[in-house]
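The values are calculated or read from the model by the stated rules, or taken from the named source; none is laboratory data. All values reported here derive from a predicted model rather than from experimental measurement. Here Cβ is always computed from backbone atoms with ideal geometry, including for glycine, and neighbour counts include all displayed protein chains.
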Amino acid sequence: MEIETPEIIQRNWFERFVLWCMNLLLLPFGKKLEGEAEEGFLQFVKFALVGVTNTVISYFINAGTLFILDKLGLFPNIDIYIGNTVAFILSVLWAFMLSNKFVFKEDETKEKRVWWKTLIKTYLAYAFTGLGLSNLISYVGVNIFHLSKYIPPLINLVVAVPINFVLNKFWAYGQKKGNGDSDEDQLA
């Protein structure tokens, strides 16, 4: 009979601090993050931090595109959609690079990811919220609620984060296990 020894996980100062803060918040409830819950929480926090940088980049690209189009007098009726699209293309590439390196690290015990397939899946996952949802929110915000065209992209970014996390974790960055099953197959 083999005795399982707990895996010793080396944590950097940031991870230790985040876990300390979360466990402090959970203390009055008599709870503590451990094991897979701890790992999942840290992964979501890292995803959120990538998202913060992505939000800033996306917003400034979007606003910069709108500003340039306004100054040139180009596409006044569809500029919000052009801004969303340009911001989408560049910010998803940024998110892919950071997420691949810091959030959804490749598990060496599973089938190796093909980077371009993961990139395509990442674009598709973000397309659902980054293009479809953002254009819907922009249309409703600007044309129905008469908001400034600079506000709807911020609303969309708040709505999109949890949806994107799930799509990226279980689909875009999911790796097949040694027996040919993917991570998402293991959820069933």
query: Taking the range 105-118 on its own, how many of its residues are touching a residue at least 24 places away in the same chain (Cβ under 8 Å) and assigned to a helix (DSSP H, G or I)?
result: 1
- line: Checked the range 112-164 for anything over 19 Å from residue 101 (Cβ atoms) and among the basic types (Lys, Arg); matches are 149
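If I filter the range 141-160 down to residues being β-branched (Val, Ile, Thr) and farther than 18 Å from residue 50 by Cβ, which single residue comes out as surrounded by the fewest Cβ atoms within 10 Å (Cβ to Cβ)?
Selected residue: 144.
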message: So residue 163 ticks every box in (1) surrounded by 14 or more Cβ atoms within 10 Å (Cβ to Cβ); (2) at pLDDT 90 or above; (3) not in a loop (DSSP other than H, G, I, E, B) but one. Which box is left unticked?
response: (2)
